[in-house]
1. What's the lysine pair count for region 4-100 at a Cα cut-off below 20 Å, pairs eight or more apart or interchain?
2. If one computes the Cα centroid of region 72-100 and of region 1-42, what distance in Å separates the two points?
3. Which chymotrypsin sites (Phe, Trp or Tyr not before Pro) in region 26-116 pass both tests, a DSSP loop state and at most 14 other beta-carbon atoms within 10 Å?
4. Quick check: residue separation of ASP63 and LEU102 times 0.36 nm, minus the Cα distance between them. What number comes out in nm?
5. Of VAL73, VAL83, how do they rank once you tally other Cβ atoms within 10 Å and put the fewest first?
6. Once Cα extents along the principal axes in Å is worked out from the coordinates, which option in [x] 40, 37, 24; [y] 71, 30, 18; [z] 51, 41, 28 does it equal?
7. Counting only helical runs of four or more DSSP H residues, what would the 222 nm mean residue ellipticity of the chain come to if each run contributes -39,500 (n - 2.57) and the total is spread over all its residues?
8. Considering the zone a paramagnetic label at LEU79 would reach in this model (a point 7 Å from Cα along the Cα-to-Cβ line), which residues of region 6-24 have amide N under 11 Å from it?
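What follows draws every value from the coordinates through simple rules; no lab data is involved. Note that the structure is a prediction, hence the values are computed from the model and not measured. In this analysis, Cβ positions are derived from the backbone assuming ideal geometry, glycine residues included, and neighbour counts consider all displayed protein chains.
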Amino acid sequence: MIRTVNILGIGFSKLTLQEIMNLIRDKINNHNNKLLHIITVNPEIAVQIQEDNELMEISKKADLLTPDGVGIVWASRILRNQVAERVTGYDLLLESLKQGNLYNWSFYFLGSDVQI
C-alpha cells in the first residue's frame, strides 16, 4: 500500500522520486504487463480535478498521484502529514530516461499538439 496524504480529496503519494523509480523498475523487472498509471498533480490540476467529474474519476483510478507543485507540499505541511518531496512530471521523465538508458528500457511517447 502506498502512503498518501489527502489534500482536497486527492490522495497524494508520500513517496520520493527514488522510491517511485524503484516501483517502476520493480514493475518492469517483474514483467508485470498491467498498466502503471501515474499522474503528476500541481495545484492547477488539483482544482481541475475538483471541477471535472470525469477527471476526478480518472484520478481515483490512477495508481499514483505525485505532488507536482510547491503548493501541494505546503498544504501537506499545514496538515502536518507531509509529503516526502515535490515530484514533478519533468523530474520523473528525466529520471525514467536515465534509468531506462542504464537498464535498456524501451519508451513509447504518445501526445498531441497544443494550440495556443
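1. 7
2. Distance between centres, Cα-based: 10 Å.
3. Answer by residue number: TRP105, PHE107, TYR108, PHE109.
4. Difference between extended and current length: 11.6 nm.
5. Ascending number of Cβ neighbours within 10 Å: VAL73, VAL83.
6. After the calculation, the listed value that fits is [x].
7. Roughly -14500 deg cm²/dmol at 222 nm, from the helical runs in the chain.
8. 6-14
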